[in-house]
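Trainee: Sharing a structure here in structure tokens format.
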Amino acid sequence: MSVSEGTIVATPSQGAAPDPGGWPLALKFARRELRGGIKGFRLFLLCLALGVAIIAAVGSVTASALGGLERDAKALLGGDLEFRLLYRPIDPAQQDFLDAAGTVSEVRDMRAMARASDGNRTLVELKSVDTNYPLYGEARLDPPTDLRGALAQQNGRWGAVAERALVDRLGLAIGDPVTIGTLEYELRGVIEREPDRGASVFILGPRLMVADASLEETGLVQEGSLIEYHYRLALPPDVDPIGIVEAAKAEFSDALWRVRGLDEAAPSIRRFIDRTATYLTLVGLSTLLVGGVGVGNAVRAWLDGKIATVATLKCLGASQTLIYRIYLLLVAIMALVGIAIGIAIGAVVPFAIAAPLGERYALTLEPAIYAGPLLLASGCGFLVAIAFSLWPLIRARAVPPGTLFRDLVQRMEVKPTAFDMLLLGAIVAALVLLAAITAGDRMLTLWFAGGTIVAFYLFHLAARGLKHLTRRMNESSGQRGGESRRGPIMRLALANIGRPGAPTTSALLSLGLGLTVLVMVTLVQANLERELVRSIPAEAPAFYFIDIQGTQIDEFQTLVSEFPGVKAIEQEPMLRGRITVVDGVPADQIEPGEGAAWALRGDRGVTWTATPPADGELLSGEWWPEDYAGPNLVSIESGVGEGLGLEPGDTITVNVLGRPIEATIANLRIVDWTRLDINFVFVFSPGALAGAPSMHIATAQMESTQGGADGGVDGGVDGGDALSAQE
């Protein structure tokens, strides 16, 4: 060990004999130290237990929710497999194939306006079900009754059941009439639980459920109506779902149905769980790191109270290694106690919140003791405890007996050895690895880790700068007689900030990191709100109208234009189509670039026009003439086009209403989705879809004094249909 200009370098003692007792002797001394109680470790335990409890609770609740999803996957999906089509039902051959494979339940989804007898109306998610529904799970109604009987035709009237939100919104009571299209239903129950509610990805209104046999009588089932057909399949126990999917692909290679299995039972709920878990896990890690500073402070303060003990041991011949082991074991034992407390709290959280959380999201949680999340939380807690305790332990190991006593007056600077730095680096790397495993998002975890390291470094520099500044201020004050101007209290305060051994660095780290987390959460929320407000233009449409039939468009425009305050109406024809071929390559063989993968999933909105959109800017290519009557052309949104590797002159095939439409790309078009106008990824030349049955979507702009939903026009925002970029 060497001492030079007040700096001690922690190097092994030359010729030091090995410890005669090793770890057993260190454990014996550690146990004796514990006889004095844990008074100095209360802050240590509190900080560590809090951080571990948050991480354990988040992991356990996530595991409970995912366990509930797996257990209820069949009920959430509605079957072992689901075959979904848009606009049209399956053909007889496909129906025979499904009937031969297992029990089939047909469900149709669409959006419609529900009207009460007093004229009140609202947008609803209309769902028609057959007599086999539900294949799995249970639909619960209030008052308790059989769903099939509640929807059946009785005394010449079909029944309907609705969510509580719809009943309250329209002021309905059991037995009241509710009209859909041209058909009047009788409300016979309130939906308390809909087993497959989680399968719905995009929901605009409350649920209204009717019998499938009654849907045609509403007059809403027309060619081109935006209806989703779901065919749920319950398979015998000995039938492999993957085999059925492969057989369906082989026999119906050109079928446009989208097949979902149990792993896609509730995609929106799964995404919500994953994102929420990632966010809360990082919050828990932040709390644990902030608590880690408290852990380090507690260990340092406790060791400062043990100066006499450490000095005595060293005077009696205790080696650096023995001192290090004694207090490392003490820290490890206390860390295990704190971790045990945190784990106990985190493990019981799923049991406490299972009922309210499951009721809120219509999901039955699977509360249990999940070893994985608890082990991860334990690992994070232990690594943080050791990492923040390492420096005080290095000081206790390195400082010689004489310096220990002198340390009370003049604190010596200790430099860690290469082994100490290697150990600390290994702990940090392990902590980052555990964080990546826990949070699930590697890139986000790396940014989090990098930001944390930078924050620690900056706060450390700030603390050193503050100490240096206060010392200079006191020195200059003393030279100029500043005591009379500042007073002794201020001088003492400044002197204590910059004195040797002052807890300035740890205090600044604790306060700084805690405030950083609070400011970060506040700023993220404020920036999101500001960005949302700024991204909505002043001239944004106030209302969006969907599923307007071609025969209704003239009447619709007349009706809306006569409404007070309406200053502009925009309407476009729309169909839904799925990309099947990209420049000669089947869509399922394409590896899209970032930001374009969504365009290959499911159906996209398409339209056709002779003139370019008013706000459209061409990135490349040219628009077709207004009187163009040649081969099919298409304009593609630039982000999707570039993500698919397309440019003007390439071809793309979109299947619309079962008919493949191949078109040459005329241009790539820049779309400003933040304007909230009607925009499409695909805009075809007029002849491409001439004569196709379609529906229209429309927007209405109001005068600035007319506002939003209070304007009195019936409508609904259709982020999945009217604004295809929002999908």
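Trainee: Determine which lysines satisfy two conditions relative to Lys467: a Cα distance under 29 Å, and not lying fewer than 8 residues away in the same chain.
Mentor: Within the straight-line limit of under 29 Å, Lys467 reaches these lysines: Lys306, Lys415.
Trainee: Taking a probe of 1.4 Å, how large is the accessible area per residue of the range 38-137, in Å²?
Mentor: Here the residues of the range 38-137 average 36 Å² of exposed surface.
Trainee: Given the pairs Lys127/Lys249; Lys74/Lys127; Lys28/Lys314, which are separated by over 23 angstrom at their Cα positions?
Mentor: Checking Cα-Cα distances, Lys127/Lys249 exceed 23 Å.
Trainee: For a quick protection proxy, order the peptides 296-309, 511-524, 625-638, 381-394 by their average other-Cβ count within 10 Å, most packed first.
Mentor: 381-394, 296-309, 625-638, 511-524
Trainee: Moving to a separate point now. Give a residue-ordered list of calculated ³J(HN,Hα) values for the range 154-161 (Karplus: 6.51 cos²θ - 1.76 cosθ + 1.60, θ = phi - 60°; whole Hz; x for Gly, Pro).
Mentor: Whole-Hz 3J(HN,Hα) from phi for the range 154-161: 9, 6, x, 10, 7, x, 8, 10.
Trainee: Once amide H atoms are placed 1.01 Å from N in the peptide plane, what residues at a sequence separation of 5 or more from Asp650, or on another chain, have their amide H within under 5 Å of its amide H?
Mentor: Excluding prolines and chain starts, which carry no amide H, the hits are Ile665.
Trainee: With a 1.4 Å probe and every protein chain left in place, work out the accessible area per residue of the range 165-266 in Å², rounded to a whole number.
Mentor: That works out to 43 Å² per residue.
Trainee: What ranking, highest mean first, results for peptides 420-430, 75-85 when packing means the other Cβ atoms within 10 Å averaged over each residue?
Mentor: Going by the mean number of other Cβ atoms within 10 Å, highest first, we get 75-85, 420-430.
Trainee: Apply the Karplus parameterisation 6.51 cos²θ - 1.76 cosθ + 1.60, with θ equal to phi minus 60°, to every residue of the range 652-666 and state each ³J(HN,Hα) to the nearest whole Hz, in sequence, with x for glycine and proline.
Mentor: The phi angles translate into 8, 10, 10, 8, 10, 6, x, 10, x, 10, 9, 9, 8, 6, 8 Hz.
Trainee: Still on this structure, I have one more. Quick query: amide H of Ile670 versus all other amide H atoms, modeled in the peptide plane; which residues come in under 5 Å with a sequence gap of 5 or more or a different chain?
Mentor: Glu617, Leu618, Leu619, Ser638
Trainee: If you bin every alpha carbon distance in the range 142-221 into 5 Å steps from zero, what whole percent lands in each bin?
Mentor: In order of increasing distance, the bins hold 3, 15, 27, 25, 20, 8, 1, 0 percent.
Trainee: Which residues' amide hydrogens lie under 5 Å from the amide hydrogen of Arg193, considering only partners 5 or more residues apart or on another chain, with H built in the peptide plane?
Mentor: It is Arg140, by chain and number.
Trainee: To the nearest Å, what is the center-to-center distance of the range 140-186 and the range 95-122, using C-alpha atoms only?
Mentor: 14
The values are calculated or read from the model by the stated rules, or taken from the named source; none is laboratory data. From a predicted model like this one, the values you see are computed outputs, not experimental measurements. Neighbour counts are summed over all protein chains in view; Cβ atoms, including those assigned to glycine, are modelled from backbone coordinates with ideal geometry. When the accessible area is computed, the model is the full protein with side chains, heavy atoms only, and any ligands, DNA or RNA have been set aside. Shrake-Rupley method; radii C 1.70, N 1.55, O 1.52, S 1.80 Å.
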